[in-house]
Amino acid sequence: MKRVLFIDRDGTLIKEAPPTYQIDSWEKLEFYPGVFTYLSRIAAELDYELVVVSNQDGLGTDGYPENTFWPIQNFVTKALENEGIHFSAAFFDRSFAKDNLPTRKPQTGMLTSYLNNPEYDLANSFVIGDRITDVVLARNLGSKAIWLNNDPALGADELEKQTPPEGGWPACIALETTEWKAIYEFLKLGLRKVTHDRNTSETRIHVELNLDGSGKADIHTGLGFFDHMLDQIARHGKMDLVIKTEGDLHIDEHHTIEDTGIALGEAFAKGLADKRGMERYGFALPMDEAEAKVLIDFGGRNWIVWDAEFKREKIGEMPTEMFFHFFKSFSDAARCNLNIECKGDNEHHKIEAIFKAFAKAIRMAVKRDPLSNHLPSTKGVL
């Protein structure tokens with residue numbers, strides 16, 4: 001079955017031209033940054049059929065005559081073909097939004113030849129575009145969206161007005177970015193997204209982890225300072241992280257902290273099942289008077305070295321003795337080596353420096369090279 005990239009034109013292959021958004025003159029023509037470099041790699045290295053799908057409001061009318069459209073469109077097509085980028089088809093709807101025709105994106109009327117066609121794998125195909133209509137088109141096709149969202153605030157507002165797919169918009173939007181480089185890397189490597197639940201008689205924990213995220217966090221463990229530290233992991237590790245922990249805090253904090261470390265480590269183990277192209281190692285960083293060093297190796301074996309002492313019994317409502325237990329639990333579950341050392345005077349600064357260094361170390365270690373299929377081990381397995 002064939003996979004398809006349904007690609008918008010204006011704002012995706014070439015830049016939009018406000019206020020009319022019509023590329024109807026040569027001085028308005030500007031290619032989207034990186035499109036030649038990375039779309040040519042996608043065409044050469046990956047097995048996708050490329051299709052243009054674009055709304056061209058009023059094309060053929062007096063306000064947008066054909067002789068201002070086709071010379072530019074033919075030039076765009078030829079320029080891309082010269083870089084090895086060939087489209088199997090190009091669909092242009094000429095109607096206006098008020099017409100509400102079934103051929104206008106986000107409706108699928110232009111793409112009926114792909115629907116219910118056993119030759120095409122729409123579930124593993126993508127719509128690439130900059131508008132909300134492209135995201136909704138992906139939903140209507142049963143595909144995923146790659147959203148070149150150049151105005152996140154406006155995009156989020158517009159998206160809220162649409163009827164979301166089952167599971168919400170995150171289930172439909174595979175990638176949100178502003179760069180063709182990120183699109184290429186995603187299609188080449190895939191995002192390392194994990195949803196993981198760990199339930200015992202003492203705790204119920206839900207984790208959502210995107211190792212290739214942007215630093216978004218939604219953390220609720222019932223322990224404010226612990227939430228703050230886990231938020232550091234997301235922000236400084238540039239990973240998206242959701243953690244919902246319901247623990248037996250009426251007894252004490254131990255199970256909540258320890259089991260959250262285990263669940264997070266298990267999520268990492270799932271997300272890093274394929275380590276090809278990954279750096280594997282990481283280290284880092286100071287904070288004010290505190291100096292923290294965190295060394296990490298996602299090599300498949302658990303081990304921890306802990307060289308940090310705290311003079312206070314608690315920071316916030318979190319017992320300082322539980323810091324070691326959290327990192328030990330993570331190391332065991334993620335099957336990684338951790339070497340943590342910290343010195344300083346302020347206890348808050350010390351543990352925050354450790355968590356930030358931990359996040360930076362992870363970020364370095366999980367970084368991948370999309371041009372490499374190298375496994376970082378002489379053993380040939382990790």
Test: residue in segment 33-54 that is within 20 Å of Phe186 (Cα to Cα) and basic (Lys, Arg): yes
Unmet requirement for Pro165, which otherwise passes all of (1) touching a helix residue (DSSP H, G or I) at 6+ places or on another chain (Cβ under 6 Å); (2) not in a loop (DSSP other than H, G, I, E, B): (2)
Subset of segment 1-44 that is assigned to a loop (DSSP other than H, G, I, E, B) and aromatic (Phe, Trp, Tyr) - its residue that is surrounded by the fewest Cβ atoms within 10 Å (Cβ to Cβ): Tyr21
First in segment 301-316 and farther than 16 Å from Glu291 by Cα and touching a residue at least 40 places away in the same chain (Cβ under 8 Å), second anywhere and surrounded by 16 or more Cβ atoms within 10 Å (Cβ to Cβ) and among the polar types (S, T, N, Q), Cβ under 9 Å, 6 or more apart: none
Residues of segment 290-305 classified as under 23 Å from Arg198 (Cβ atoms), outside any loop (DSSP other than H, G, I, E, B) and in contact with a helix residue (DSSP H, G or I) (Cβ under 6 Å, 6 or more places away or on another chain), total: 2
Set Arg198, Arg204: member being buried (at least 18 other Cβ atoms within 10 Å of the Cβ), in a strand (DSSP E or B) and charged (D, E, K, R): Arg198
Criterion: assigned by TED's automatic domain parsing to the domain that holds Val136 and without any contact (Cβ under 8 Å) to a residue 24 or more places away in the chain - qualifying residue of Glu166, Glu185, Glu176: Glu166
Complete set of residues in segment 306-319 that are assigned to a loop (DSSP other than H, G, I, E, B) and either touching a Ser or Thr at 6+ places or on another chain (Cβ under 7 Å) or over 15 Å from Leu230 (Cα atoms) (or both): Ala308, Glu309, Phe310, Lys311, Arg312, Glu313
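Output the residue which, of all residues in segment 246-260 that are touching a His at 6+ places or on another chain (Cβ under 7 Å) and not charged (D, E, K, R), is farthest from Glu202 (Cα to Cα).
Once the filter is applied, the top-ranked residue is Ile257.
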In segment 45-70, residue surrounded by the most Cβ atoms within 10 Å (Cβ to Cβ) [restricted to those that are aliphatic (A, V, I, L, M) and within 22 Å of Thr177 (Cα to Cα)]: Val53
Unmet criterion (only one of (1) outside any helix (DSSP H, G or I); (2) at pLDDT 95 or above) for Phe324: (1)
Options Ala89, Ala79: the member that is closer than 16 Å to Ile128 by Cα and either small (Gly, Ala, Ser) or more than 31 Å from the chain's Cα centre (by Cα) (or both): Ala89
Any hit, segment 69-76, residues being touching a residue at least 40 places away in the same chain (Cβ under 8 Å) and either under 26 Å from Tyr120 (Cα atoms) or not assigned by TED's automatic domain parsing to the domain that holds Tyr21 (or both): no
Some residue of segment 153-172 being of a type in the set (Ser, Thr, Tyr) and either touching a Leu at 6+ places or on another chain (Cβ under 7 Å) or under 30 Å from Pro33 (Cβ atoms) (or both): no
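The values are calculated or read from the model by the stated rules, or taken from the named source; none is laboratory data. Being a predicted model, the structure only gives us computed values, none of them experimental. Every residue, glycine among them, receives a Cβ derived from its backbone with ideal geometry; neighbour counts consider all protein chains shown.
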